[in-house]
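One structure is given here, and the rest of the page talks about it.
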Amino acid sequence: MNVFTRQWSGLLSAVSTDMAIDLGTANTLVYVKGKGIVLNEPTIVAINKKTGQLVAVGNDAKVMLGRTPAHIEVVRPLVDGVISDFEVTEEMLAYLIGKVRSEMKTLVAPRVLIGVPSGITNVEMRAAHDAAKNAGARDVFLIEEPMAAAIGAKLPIGKSVGSMIVDIGGGTTDIAIISLNGLVVSKNLRIAGDHLNASIVSYIKDQFKVHVGEKTAEDAKIALTAITNTQTGGKDLVVRGRDVVTGLPREVVITDSDVRDAVAGHIDTIVENVRAALEVTPPEVLADIMQRGIHLSGGGALIPGLASLLEHALAVPVIVVPDPLRAVIRGAGIVVEDLDVYSEILLDHEASFQTHF
Ligand SMILES: Nc1ncnc2c1ncn2[C@@H]1O[C@H](COP(=O)(O)OP(=O)(O)OP(=O)(O)O)[C@@H](O)[C@H]1O
Ligand SMILES: [Mg+2]
């Protein structure tokens with residue numbers, strides 16, 4: 001960068017807005033530099049199929065689920081943590097960036113920091129980068145979500161001491177061990193909260209012959225998941241769905257042990273992957289983690305009993321970070337307040353985007 005472009009970009013950042021977006025499979029959060037978290041809504045978009053125009057975003061789109069006329073489609077543009085519907089994601093980002101710009105009354109396009117799962121492919125990284133760029137970002141920076149979560153949880157990422165973060169979101173579980181501003185070990189598992197919902201739907205269908213919606217399954221998960229036996233309170237819940245034989249509405253009572261059976265396989269997978277990450281961790285770093293514990297973030301950290309299950313299975317203390325659903329955006333916000341200071345930990349997108357033939 002020559003002197004002129006450096007001064008020019010310094011001038012632009014003085015008049016434009018920097019913002020961070022945690023574009024999650026389940027929830028999207030936006031942080032604006034100097035203002036804090038300004039938006040926290042489900043990652044759902046309603047599109048008019050005739051015109052291709054965006055009809056609603058977030059909560060407004062969520063209430064339309066299952067209730068739309070034929071020409072309106074309600075979509076979740078992310079699957080398993082990565083963009084599956086590029087055009088819709090771009091429209092959603094354009095809406096978010098536009099909203100921030102009009103509220104902040106800035107004429108210059110913002111610089112945008114986007115959280116992405118660790119270990120995504122170059123193609124997936126480029127998709128996130130291009131979507132934000134096409135959506136009106138002046139400059140795009142990417143940060144690995146577990147890194148952002150660790151910063152949000154105030155873990156000492158820059159020190160020569162190992163910190164472990166497990167971020168269980170809607171679509172992905174990011175398992176990462178961080179030391180000296182880098183990921184020492186990382187694993188991105190495409191099993192998380194939303195997969196638990198799906199297995200509750202299929203369990204109720206198999207056991208009770210009733211087809212319930214995903215929202216009902218999520219409510220049951222939040223109300224009833226009690227993973228360890230000591231926590232079972234014999235709780236139950238009435239759920240409503242469609243009888244698969246008669247096609248008519250039917251109510252059934254499910255218990256916490258039903259939910260536990262439904263999610264057991266996925267929970268085992270998460271535990272085994274955390275164990276596998278510890279098994280490949282260098283001994284010094286492992287010693288740090290044994291002492292300092294494993295930090296859980298993301299909505300999945302709130303699954304009752306999960307922290308103690310992990311603690312017993314792995315013999316390592318497990319700590320749920322404060323306000324786990326917002327750890328990634330808090331961390332991304334800290335970075336966006338001081339992009340120059342944190343440049344070392346951002347994904348080097350120019351280098352990563354080189355294509356190898
Ligand atoms: N109290 C709770 N108990 C259990 N699960 C919960 C609770 N609250 C939220 N969840 C689950 O957390 C998940 C959403 O978490 P989060 O917002 O961290 O995901 P995300 O960032 O959108 O997804 P990802 O990071 O995988 O792309 C959903 O599956 C939701 O059902
Ligand atoms: Mg997330």
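One table, with the values for the structure above:
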{"quantity": "Residues of type aspartates and glutamates that Lys205 reaches as a straight line, Cα spacing below 13 Å, ignoring anything fewer than 8 places off in the same chain", "calculated": "Glu214, Asp243, Glu251, Asp258"}
{"quantity": "Rounded to 5, the percent of DSSP beta bridges in the chain classed as antiparallel", "calculated": "70"}
{"quantity": "Percent carbon-and-sulfur accessible area, the range 155-321, ignoring ligands, DNA and RNA, probe 1.4 Å", "calculated": "55"}
{"quantity": "The chain, dipole about Cα centre (Lys/Arg Cβ +1, Asp/Glu Cβ -1), debye to the nearest 20", "calculated": "820"}
{"quantity": "Probe 1.4 Å, accessible area per residue of the range 69-124, Å²", "calculated": "46"}
{"quantity": "Members of Lys99/Lys215; Lys62/Lys215; Lys159/Lys187 lying beyond 19 Å, as alpha-carbon distances in this model show", "calculated": "Lys99/Lys215; Lys159/Lys187"}
{"quantity": "Integer Hz, Karplus 6.51/-1.76/1.60 couplings in order for the range 316-329, x for Gly and Pro", "calculated": "10, x, 10, 10, 7, 6, x, 6, x, 5, 10, 4, 5, 6"}
{"quantity": "Three-way shape label, the range 155-321, alpha-carbon gyration tensor, a/c 1.5", "calculated": "prolate"}
{"quantity": "DSSP-defined beta bridges in the range 155-321 - what % are antiparallel, rounded to 5", "calculated": "75"}
{"quantity": "Neighbourhood charge, 11 Å Cβ-Cβ cut-off, centred on Asp85 and excluding it, Lys, Arg +1 and Asp, Glu -1", "calculated": "-3"}
{"quantity": "Full-stretch length increase - Asn40, Asp261 - with 0.36 nm per residue and alpha-carbon distance subtracted", "calculated": "76.4 nm"}
{"quantity": "Contour minus Cα-Cα distance for Val63 and Glu284 (0.36 nm per residue)", "calculated": "74.6 nm"}
{"quantity": "Under 10 Å, Cβ to Cβ, from Ser118 - net charge with Lys/Arg +1 and Asp/Glu -1", "calculated": "-3"}
{"quantity": "Percentage relative contact order, the chain, counting C-alpha pairs under 8 Å, at least six apart", "calculated": "18"}
{"quantity": "Cα gyration tensor category, rounded, prolate or oblate, for the chain with a/c compared to 1.5", "calculated": "oblate"}
{"quantity": "Dipole magnitude (debye, nearest 20) for the range 155-321, charges at Cβ of Lys, Arg, Asp, Glu", "calculated": "200"}
{"quantity": "Label point at Val253 placed 7 Å out along Cα→Cβ; residues across the range 183-221 whose backbone nitrogen lies under 16 Å", "calculated": "208"}
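The values are calculated or read from the model by the stated rules, or taken from the named source; none is laboratory data. Note that the structure is predicted; figures quoted are calculated from it, not measured. A quick note on method: Cβ atoms are made from the backbone with ideal geometry, for glycine too, and the neighbour counts reach across all protein chains shown. In case anyone asks, the SASA skips ligands and DNA or RNA and just uses the protein heavy atoms, side chains included. Shrake-Rupley method; radii C 1.70, N 1.55, O 1.52, S 1.80 Å.
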